1. Are any residues in the range 142-174 open to solvent by 70 Å² or more (accessible area, probe 1.4 Å) and either on the phi > 0 side of the Ramachandran plot or not aliphatic (A, V, I, L, M) (or both), and if so, which ones?
2. Return only the number of the condition from (1) open to solvent by less than 10 Å² (accessible area, probe 1.4 Å); (2) in contact (Cβ under 8 Å) with a residue 60 or more places away in the chain that Phe219 does not satisfy.
3. Yes or no: Leu44 loosely packed, with under 11 Cβ neighbours inside 10 Å and either modelled with pLDDT of 70 or more or assigned to a helix (DSSP H, G or I) (or both)?
4. Would you check which residues across the range 123-135 are buried (at least 18 other Cβ atoms within 10 Å of the Cβ) and not aliphatic (A, V, I, L, M) and list them?
5. Considering the range 153-169 alone, what residues qualify as being at pLDDT below 85, touching a helix residue (DSSP H, G or I) at 6+ places or on another chain (Cβ under 7 Å) and assigned to a helix (DSSP H, G or I)?
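The values are calculated or read from the model by the stated rules, or taken from the named source; none is laboratory data. This is a predicted model, so every value here is computed, not measured. For neighbour counting, all protein chains shown are included, and Cβ atoms are generated from backbone atoms with ideal geometry for every residue, glycine included. All accessible areas refer to the heavy atoms of the entire protein, side chains included, with ligands and DNA or RNA removed. Shrake-Rupley method; radii C 1.70, N 1.55, O 1.52, S 1.80 Å.
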Amino acid sequence: MIKFFRNKRYDLIDKNNTGKPALPAGRYLRYAIGEIVLVIIGILIALQINDWNENRISQLRIDSQLINLTKDLESEIEEMTGILETSKRRIIVIKAILIGSDRLGSFGAEDTIFQEYNSENFIYPNSVISHLQTLDGNRSAYNGLISSAEFYLIKTQSLANRIQNYYAKVDELKDAERWENQETWMMVNKSKHRLGLGTYSSEVTMEKLIQSAKDDRQFGAELEHQYVLDLGQYYRTTDQKKEAIDLIKVIESRKK
């Protein structure tokens, strides 16, 4: 390209079409200025091509990272599905204990989405209420995007904001599980050991758990507290799972 302009300029100079006749010094000055202009044009074109190529490569890397991000989200959805099932079983058993010990009416929290307790479905109720599952999550792709600073090159700002908001909510969920569900779970298990129920003993029947909640006010109160917090975990995890599913759809629609 530069060679073409240079040859064209030589033709114009030879044909004396570059302006009025001038002294040889003026002619060499125009020649020098032309060379500088050509170099500048070449540099600008090269920079533009280089920027375009680097941006194209960055976008390819971003696309690859977003594909990895959807895989992380799919892994979290599977994990949250397990958490919801575990949480649901625990809530059903604890609710049955509270109903049997006449403690459910002592506070306002109530749920209407869980089936009634069935002893055939919960052979070891003592083990069920001791089984707590919390979210570990998988954010390797997100961390990779943030650390490389390429996250901020995502063209759709609304997508970038949504991804950030999703992981901010994941952090909130994990904090709530750590400081609420896990703390209460530990208190309940300490009381179970104090009462001789054990953590996962299969010999402890539902009737024994109900009687223990009736006779021991601390144990009963802790089960009430765990019931409320378990409901909170269930609803938060349900919302987070839905957000993960929707986020995958948004990311995949970006490719279309």
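1. Answer for the range 142-174, where residues must be open to solvent by 70 Å² or more (accessible area, probe 1.4 Å) and either on the phi > 0 side of the Ramachandran plot or not aliphatic (A, V, I, L, M) (or both): Asn143, Ser147, Tyr152, Lys155, Gln157, Ser158, Arg162, Asn165, Lys169, Glu172.
2. Result: Phe219 passes all but (2).
3. yes
4. Hits for the range 123-135 are Pro125, Asn126, Ser130, Gln133, Thr134.
5. Matches in the range 153-169: Leu153 only.
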